[in-house]
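Here is the structure we will look at.
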Amino acid sequence: MSAFDILLERGVANIIPGKKELLGRLQNGKKLNVYFGIDPTSTKIHLGHAVPLRKLNEFAKYGHNVTFLIGDFTALIGDTSDKDSERPALSIEEIDENFKTYKKQAEKVVDFSLQNIKIKYNSEWLKKLTFQEILQLTQHFNVGDFAGRELIKKRLNENKKVGLHEFLYPVMQGYDSLMLNTDLQIGGTDQTFNMQAGRTLIKDKLAKESFVLTTPILEGTDGRKMSKSWGNAIWLDDNAVDIYRKVMAVPDDFILNYFLLATNLDVEQIKKFEERLKKKENPINIKKGLAFQIVKELHNEKLAENAQQDFEKTVQHKELPTEFEQLELKRNSTILDALSGSNSEKKRLIEQGGVYLNDKRVTDSNQKIENGTLKIGKRRFIKVVIK
């Protein structure tokens, strides 16, 4: 398999208008303008986002002009075309806070030291559009196409609100592609419709063919699409122990998919793991290799070794860790102050019965914290010290 074949096949769900056409463009030696965008609707980037980020990094290594686009303006709307309900509006302050650490998280996957990788924010051009210019852009699209999307159609049929502003999201994303003079957009399969909007504008405005490369959706720890809303995400800034344990919680059916999408491991090495599974070896052994590889890539080999030892000791052999994490908090702090993540994520964890203080289940997120042991999930322990 050639390098181009690996580039256009591993971790690729679809190429529009087609692989053959994009391969031809690549083989002629011209450097393409490639971009991937992410809206800062949360403070964190998860392993599912890393799938298209890996592909973006691959194109950068081949010398193409790559842009990591932060959708600080599109986040004001938020893409709801694959959601069951309208997104709550974010304030500019919330968005600013969310994307503060985006580069730091993304650089676990993307090599920003490469000179051909740029970071841009789409507020640079979207906030400058006049109402007349927006009207002119909307004339390139058919609202029926948006309304016909499965979840939007479902919401309409159930008489649920679909905000008029939601129809503008694909237009905004399409305008991003236009302003970046894009040759190739990269994104998850759930972004296909929005990326097609970019192809439309580029064809109409620049009279050129552009491409869309979609990546598969990575499953979360519960087998559903990885999402912060469902509490099944593996975050790029999770500590090594948490990443290892979360990977070990992934259903066995997704082991090989995780090797392909969530690691940089060579395909031939992955085939060896596949053979071991075919020979009916206990999947936990292969999954431990997977968890080790992911932690090694996101952190380092030493932390991967420590995380594996911790898992074997505290989970497989059900021993308590000899050393707890220690957290110092001020007097009158609440349980929420001791947990990481957004307030909604913390409250959800408490509601799901995942937090214990001194062996008593926490049910009130406003409960005052006290000296003792905080248990989060099945095997994470924190020693709380009140100053």
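Helix content alone sets the calculated 222 nm mean residue ellipticity of the chain: runs of n ≥ 4 DSSP H residues at -39500 (n - 2.57) each, divided across all residues, give -11500 deg cm²/dmol. With 24 Å as the limit on Cα-Cα distance, the pairs of LYS44/LYS278; LYS160/LYS346; LYS128/LYS203; LYS44/LYS347; LYS228/LYS368; LYS103/LYS228 that go past it are LYS44/LYS278; LYS160/LYS346; LYS228/LYS368. Annotation: amide H of GLY372 within the under-5 Å range of VAL384, sequence separation 5 or more or interchain, hydrogens built in the peptide plane. Loop-located GluC sites (Glu not before Pro) in region 264-366 (DSSP state other than H, G, I, E, B) with a sparse environment of at most 14 neighbouring Cβ atoms within 10 Å: GLU281, GLU319, GLU323. Solvent-accessible surface of the chain, averaged per residue with a 1.4 angstrom probe and all protein chains in place: 51 square angstrom.
Working from Cα pairs under 8 Å separated by at least six residues, relative contact order for region 326-375 is 39 percent. Between GLY289, GLY354, GLY29, the GNM of the chain built on Cα springs shorter than 10 angstrom shows GLY29 fluctuating the most. Using only Cα atoms and rounding to the nearest 10 degrees, what angle (0 to 90) does helix 192-206 make with the longest principal axis of the chain? That helix lies at roughly 30 degrees to the long axis.
Of all beta bridges that DSSP places with both ends in the chain, some 40 percent have antiparallel geometry.
With Cα atoms defining each centre, region 172-251 and region 344-369 are spaced 32 Å apart in the structure. Report in % the part of the accessible area of region 163-276 that belongs to carbon and sulfur, leaving out ligands and nucleic acids; probe 1.4 Å. It is 53 percent, rounded to a whole number. Ordering PHE36, GLY11, LEU22 by the projection of their Cα atoms onto the charge dipole of region 3-42, which places +1 on the Cβ of Lys and Arg and -1 on the Cβ of Asp and Glu, puts LEU22 at the extreme positive end. Remark: spin-label model distance ASN285-LYS128 equals 6.0 nm, labels positioned 7 Å along the Cα→Cβ axis. Sorting 182-189, 150-157, 333-340, 62-69 by average packing, meaning the other beta carbons within 10 Å per residue, from highest down gives 182-189, 62-69, 333-340, 150-157. The angle separating the long axis of helix 267-278 from the principal Cα axis of greatest extent in the chain is about 50 degrees. With the Cα gyration tensor of region 189-289 giving a ≥ b ≥ c as the square roots of its eigenvalues, does the rule (a/c under 1.5 for rounded; else a/b larger than b/c for prolate; else oblate) give rounded, prolate or oblate? Verdict is prolate for region 189-289.
For the chain, give the magnitude of the charge dipole about the Cα centre (Cβ charges: +1 Lys/Arg, -1 Asp/Glu; no others), in debye to the nearest 20.
The calculation lands at about 320 debye.
For the residues VAL109, VAL143, VAL355, VAL385, a 1.4 Å probe over the protein chains yields an accessible-area ranking, largest first, of VAL143, VAL385, VAL109, VAL355. Residue-normalised convex hull volume from the C-alpha trace of the chain: 166 Å³ per residue.
For region 347-387, the relative contact order is 33 percent, taking Cα pairs closer than 8 Å that sit 6 or more residues apart in sequence and dividing their mean separation by the residue count.
Each of HIS165, HIS46 has its accessible area taken with a 1.4 Å probe; listed largest first, they run HIS165, HIS46. Tally Lys/Arg at +1 and Asp/Glu at -1 over every other residue whose Cβ is under 10 Å from the Cβ of VAL250; what's the total? Local charge sum for VAL250: -2.
The 1.4 Å probe gives accessible areas that order PHE193, PHE211, largest first, as PHE193, PHE211. Annotation: GLU209 carries an accessible surface of approximately 80 Å², with a 1.4 Å probe and no ligand, DNA or RNA atoms counted.
With everything on Cα atoms, drop me the angle between helix 50-61 and the longest principal axis of the chain, reported from 0 to 90° to the nearest 10. Taking the Cα atoms of the chain, the angle to 50-61 is about 60 degrees.
Comparing SER344, SER227, SER42 in a Gaussian network model of the chain where C-alpha atoms under 10 Å apart are linked, the largest mean-square fluctuation is found at SER344. Structure remark: mean-square fluctuation, Gaussian network model of the chain, C-alpha springs under 10 Å; the largest value among GLN27, GLN293, GLN105 belongs to GLN27.
The values are calculated or read from the model by the stated rules, or taken from the named source; none is laboratory data. What you see is a predicted model; the values in this text were computed from it and never measured. When we count neighbours, we look across all protein chains shown, and the Cβ atoms used for this are built from the backbone with ideal geometry, even at glycine. Only protein heavy atoms, including side chains, enter the accessible area calculation; ligands, DNA and RNA are left aside. Shrake-Rupley method; radii C 1.70, N 1.55, O 1.52, S 1.80 Å.
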